[in-house]
1. Taking the criterion of being within 10 Å of the ligand (Cβ to nearest atom) and part of a loop (DSSP other than H, G, I, E, B), would at least one residue in the stretch 93-114 satisfy it?
2. Identify, please: which residue in the stretch 56-68 is part of a helix (DSSP H, G or I) and in contact with a Ser or Thr (Cβ under 7 Å, 6 or more places away or on another chain) and is, among those, nearest to the ligand (Cβ to nearest atom)?
3. Please work out if residue 46 is within 22 Å of residue 182 (Cβ to Cβ), buried (at least 16 other Cβ atoms within 10 Å of the Cβ) and more than 11 Å from the ligand (Cβ to nearest atom).
4. For the stretch 63-70, check the following and say yes or no: at least one residue is at positive phi and crowded, with 18+ Cβ neighbours inside 10 Å.
5. Could you grab the pairs with beta carbons closer than 8 Å, sequence gap of 6+ or different chains, first residue in the stretch 31-42 and more than 14 Å from residue 82 (Cβ to Cβ) and touching a residue at least 40 places away in the same chain (Cβ under 8 Å), second one outside any helix (DSSP H, G or I) and within 9 Å of the ligand (Cβ to nearest atom)?
6. Can you run down the residue pairs with Cβ atoms below 7 Å, 6 or more apart or on separate chains, where the first is in the stretch 163-182 and surrounded by fewer than 17 Cβ atoms within 10 Å (Cβ to Cβ) and the partner is assigned to a helix (DSSP H, G or I) and of a type in the set (Asp, Glu)?
7. Pick from the stretch 117-158 the residues that are under 25 Å from residue 22 (Cα atoms) and under 15 Å from the mean Cα position of the chain (by Cα): which of them is surrounded by the fewest Cβ atoms within 10 Å (Cβ to Cβ)?
8. Would you confirm, using the coordinates I've provided, whether residue 108 is in contact (Cβ under 8 Å) with a residue 12 or more places away in the chain and exposed (fewer than 13 other Cβ atoms within 10 Å of the Cβ)?
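Please treat every number below as a calculation from the coordinates, not as lab data. Fair warning: this is a prediction, and the values are worked out from it, not measured in the lab. Cβ atoms come from the backbone with ideal geometry, glycine included; neighbour counts cover every protein chain shown.
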Amino acid sequence: MYNLIIFGPPGVGKGTQSQLISEKMNITHFSTGEILRKAVSEETELGKKAKEVMENGCLIPDDIMIGIVKDALTHPPVVNGFILDGFPRTIEQAKALTVLFKELNLTDIKIIYLTSDDEEIVRRLMKRGRSDDTEATIENRLNIFSETTSSVIDYYKDNEKVYTVNGVGEVDDINKEIIRKISEN
Ligand code: AMP
C-alpha cells in the first residue's frame, strides 16, 4: 500500500509520472488540476468559480481545494493507496491535509519531490499547449510556485519521507528512479 504525494513546479511531469505510478502500483490517482478542469468543462458551480482563476494561473482558494480533496479521499474510501498530484500548494492546504490523513487513518505518507530548472519548465509548458499554458500564465504560475508553493516542502521535511528525484530526462528513467526510491524504505 502506497500513500503518495507528488510535489514539484508546474510542468515538471507530475501528471505523467502519477499516471504511470498509479497504473503500475494499482493505486488511485487524484489530480486536483484534472478535477478542476472537469468541473470547468461540465460548467458546474465549482467550474464557474474556477475557470477565470485557472486561466490566469492563480490559486483556487484553500477552503474550496481542501473540500475537494476531502471529498476525493473519502468517497469512495481509499483502499489500495493513492497518489495525490497538485495538492497541497499552500501551507494551509498542507496543514489541513495532515488533519485529514489523521481522521482517515492514512499513515506512512511518502512525498516524491520532482525537480527541474525554470528554463526546462518553460520549454515544456510552451510545448504542452494546455489552455492555461500561455506565456503570461506560465510566468504567473512559476512565480506562485517560488513564492508560495515551494515552502510546502519545508513543512514536510521533518515529519514525512521526502524523496527528491530529478524530473529532467526520459519519462521511463525518471519513473524507474521514483519507484526505486519509494520501494527502498
Ligand atoms: P495543475 O493541473 O496541477 O497544473 O493545476 C491547474 C490549475 O488548477 C492551477 O494553475 C490552479 O489554478 C488550479 N489548482 C490545482 N490544484 C490547486 C491547489 N491545490 N490549490 C489551488 N489551485 C489549484
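1. No, every residue in the stretch 93-114 fails to be within 10 Å of the ligand (Cβ to nearest atom) and part of a loop (DSSP other than H, G, I, E, B).
2. Of everything passing the filter in the stretch 56-68, 65 is nearest to the ligand (Cβ to nearest atom).
3. no
4. no
5. 33/85; 33/86
6. If the second residue must be assigned to a helix (DSSP H, G or I) and of a type in the set (Asp, Glu), the pairs left are 168/120.
7. 150
8. When the stated conditions are applied, residue 108 passes them.
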